[in-house]
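> One structure coming up, written as structure tokens, with questions to follow.
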Amino acid sequence: MKLGVFNPIFYDRSFDDCLKSCNNLGLDAIEIACANYTGTTHCDAGKLLANPDDLESFKKKIQDSGLLISALSCHGNPLHPSEEISKAHSQGQRNAIMLAEKLGVDRVVCFSGCPGDSDSSKYPNWVTGAWPDDYPKILEWQWKEKVIPFWQKEAEFAEKNGVDKICIEMHPGFVVYNPETMIKLRENAGKIIGTNFDPSHMFWQGIDPCVAIRELSDCMFHFHAKDTHLDSQNILKNGVVDAKRYSLLNQRSWYFRSVGYGHDAIVWKDMMSALRLIDYDYVVSIEHEDALLSREEGLRKAVDFMKGVLITEKPSETWWT
């Protein structure tokens with residue numbers, strides 16, 4: 001496995017400085033955001049596609065850095081009931097796919113999206129309950145009329161444009177948020193659909209990441225290294241479904257941490273071993289979203305921590321037998 005980083009943490013500096021920082025940290029790869037929620041500070045897929053000279057300059061910077069682009073990322077909501085938002089996010093996603101082909105990148109990271117409850121909705125409706133009966137009806141309508149048709153077309157578009165791995169990050173608030181919904185989408189939209197596995201979203205839902213990794217062994221396309229702290233006192237008081245702002249750390253039931261600050265090395269070693277068991281031998285991409293650590297300290301400690309748990313060499317034969 002190789003160690004990489006998701007580039008938004010470097011949005012306070014130029015792309016050149018970002019690449020230098022990655023080299024100085026001894027990283028192997030970089031995941032690059034290029035559309036939608038994750039921003040376009042270092043890479044705007046639409047603009048690069050429209051300007052061949054800028055695209056060649058961008059490619060040269062990556063080549064000179066020696067870094068592997070693990071994926072292009074375009075996290076958005078292409079199923080948003082607002083036509084303005086859905087069109088913009090869908091186009092951003094397609095731009096990411098087309099740019100990936102030109103950069104020789106075979107995978108794009110995104111969200112599944114979430115529709116509203118009808119064609120007249122203004123906002124997404126994330127269904128989390130089975131009663132009253134309105135909710136299952138909404139969920140059935142969403143999948144049948146919006147989710148499956150969109151992703152079938154998107155998978156076809158990606159395949160035609162040289163991307164054979166759509167890496168959907170399972171994220172509460174969107175229709176794909178756990179292994180069950182991930183498998184459901186893959187079964188209905190094709191084998192090109194897989195996951196960008198982020199354990200931070202599994203932890204607070206009560207999902208064991210190692211169990212989930214094995215459940216998703218056929219579609220583990222990309223992996224985020226991000227942790228979550230679970231506040232046991234607040235969970236006992238309010239449960240894990242928490243809509244308070246991320247800045248209200250003392251009041252929240254959980255919040256994101258740099259790897260090693262939510263769960264110890266044994267938990268992360270178990271995850272790396274689970275990845276080895278399913279033959280995942282690609283990039284582990286650090287995503288730093290920790291409100292208690294600075295960008296610099298958080299990333300530096302995350303890199304040091306992951307270098308201690310990452311499995312980088314091929315396993316030996318069972319020589320002791």
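> Which residue, of Q63, Q91, Q152, is within 19 Å of the chain's Cα centre (by Cα) and of a type in the set (S, T, N, Q)?
On the way: Q63 fails: within 19 Å of the chain's Cα centre (by Cα); Q152 fails: within 19 Å of the chain's Cα centre (by Cα).
Q91 is the lone residue from the list that is within 19 Å of the chain's Cα centre (by Cα) and of a type in the set (S, T, N, Q).
> Moving on to the next point. Go through the residues of the range 94-115 one by one and say whether even a single one is over 29 Å from S273 (Cα atoms), touching a residue at least 60 places away in the same chain (Cβ under 8 Å) and among the β-branched types (V, I, T).
Scanning the range 94-115, I find at least one residue that is over 29 Å from S273 (Cα atoms), touching a residue at least 60 places away in the same chain (Cβ under 8 Å) and among the β-branched types (V, I, T), so the answer is yes.
> Then there is this: With respect to the numbered conditions (1) within 26 Å of D208 (Cα to Cα); (2) in contact with a Pro (Cβ under 8 Å, 6 or more places away or on another chain), which one is the sole condition not fulfilled by L139?
(2)
> Looking at the range 182-195, which of its residues are in a helix (DSSP H, G or I), open to solvent by 20 Å² or more (accessible area, probe 1.4 Å) and not charged (D, E, K, R)? Don't jump to the end; show me each part of the working.
Narrowing the range 182-195 to residues in a helix (DSSP H, G or I): 182-189.
Now narrow it down to the ones that are open to solvent by 20 Å² or more (accessible area, probe 1.4 Å): 183-184, 186-188.
Within the range 182-195, I183, N188 qualify.
> Please specify each residue of the range 196-226 satisfying the condition of being open to solvent by less than 30 Å² (accessible area, probe 1.4 Å), touching a helix residue (DSSP H, G or I) at 6+ places or on another chain (Cβ under 6 Å) and either within 22 Å of S258 (Cβ to Cβ) or at pLDDT below 95 (or both).
P199, M202, P209, A212, I213, A225, K226
> State all residues of the range 182-196 that are hydrophobic (A, V, I, L, M, F, W, C) and in contact with a Lys or Arg (Cβ under 8 Å, 6 or more places away or on another chain); if no residue qualifies, say none.
From the range 182-196, those hydrophobic (A, V, I, L, M, F, W, C) are 182-183, 185, 189, 192-193; that's our starting set.
Result: I192, I193.
> Does G116 satisfy being at pLDDT 95 or above, small (G, A, S), within 24 Å of the chain's Cα centre (by Cα) and more than 22 Å from I193 (Cβ to Cβ)?
Details: at pLDDT 95 or above: yes; small (G, A, S): yes; within 24 Å of the chain's Cα centre (by Cα): yes; more than 22 Å from I193 (Cβ to Cβ): yes.
The answer is yes for G116.
> Counting only residues that are under 23 Å from the mean Cα position of the chain (by Cα) and in a loop (DSSP other than H, G, I, E, B), which one in the range 227-245 is surrounded by the fewest Cβ atoms within 10 Å (Cβ to Cβ)? Spell out how you get there, then give the answer.
First pass over the range 227-245, keeping only residues under 23 Å from the mean Cα position of the chain (by Cα): 227-230, 240-245.
Adding the requirement that they be in a loop (DSSP other than H, G, I, E, B) leaves 240-245.
Numbers: V240: 15, V241: 10, D242: 18, A243: 6, K244: 13, R245: 9.
By that ranking, first place goes to A243.
> Let me ask something additional. Against the conditions (1) more than 24 Å from S294 (Cβ to Cβ); (2) free of Cβ contacts under 8 Å to residues at least 24 places away in the same chain; (3) open to solvent by less than 70 Å² (accessible area, probe 1.4 Å); (4) not β-branched (V, I, T), where does L248 fall short? Just the number, please.
With (1) more than 24 Å from S294 (Cβ to Cβ); (2) free of Cβ contacts under 8 Å to residues at least 24 places away in the same chain; (3) open to solvent by less than 70 Å² (accessible area, probe 1.4 Å); (4) not β-branched (V, I, T) applied to L248, the lone miss is (1).
> Still on this structure, please answer the following. Can you tell me how many residues within the range 207-226 are in a helix (DSSP H, G or I) and without any contact (Cβ under 8 Å) to a residue 40 or more places away in the chain? Before you say what the answer is, go through the steps one by one.
Restricting attention to the range 207-226, the residues satisfying the condition of being in a helix (DSSP H, G or I) are 209-215, 217-219.
Still in the list and also without any contact (Cβ under 8 Å) to a residue 40 or more places away in the chain: 211-212, 215, 218-219.
Final tally of qualifying residues: 5.
> Continuing with the same structure: Any residue at all in the range 121-131 that is over 27 Å from Q205 (Cα atoms), more than 17 Å from the chain's Cα centre (by Cα) and not basic (K, R)?
Taking every residue of the range 121-131 in turn, at least one turns out to be over 27 Å from Q205 (Cα atoms), more than 17 Å from the chain's Cα centre (by Cα) and not basic (K, R).
> Here's another thing I want to ask about it. Could you say whether any residue in the range 125-141 is within 26 Å of C34 (Cβ to Cβ) and touching a residue at least 12 places away in the same chain (Cβ under 8 Å)? Spell out the reasoning first.
Filtering the range 125-141 for residues within 26 Å of C34 (Cβ to Cβ) gives 126.
Now drop any that are not touching a residue at least 12 places away in the same chain (Cβ under 8 Å), which leaves 126.
There is at least one residue in the range 125-141 that is within 26 Å of C34 (Cβ to Cβ) and touching a residue at least 12 places away in the same chain (Cβ under 8 Å).
> Do we find a residue being part of a loop (DSSP other than H, G, I, E, B), open to solvent by 10 Å² or more (accessible area, probe 1.4 Å) and touching an Asp or Glu at 6+ places or on another chain (Cβ under 8 Å) anywhere in the range 165-176?
Yes, the range 165-176 has at least one match.
> All but one of (1) open to solvent by 20 Å² or more (accessible area, probe 1.4 Å); (2) in a loop (DSSP other than H, G, I, E, B); (3) farther than 19 Å from D28 by Cα; (4) in contact with a helix residue (DSSP H, G or I) (Cβ under 8 Å, 6 or more places away or on another chain) hold for H288, so report the exception by its number.
Result: H288 passes all but (3).
The values are calculated or read from the model by the stated rules, or taken from the named source; none is laboratory data. Small disclaimer: the values here were computed from a predicted structure and weren't measured. So basically every Cβ, Gly included, is an ideal-geometry build from the backbone, and we count neighbours across all protein chains shown. Surface areas here come from the heavy atoms of the whole protein model, side chains and all, with no ligands, DNA or RNA. Shrake-Rupley method; radii C 1.70, N 1.55, O 1.52, S 1.80 Å.
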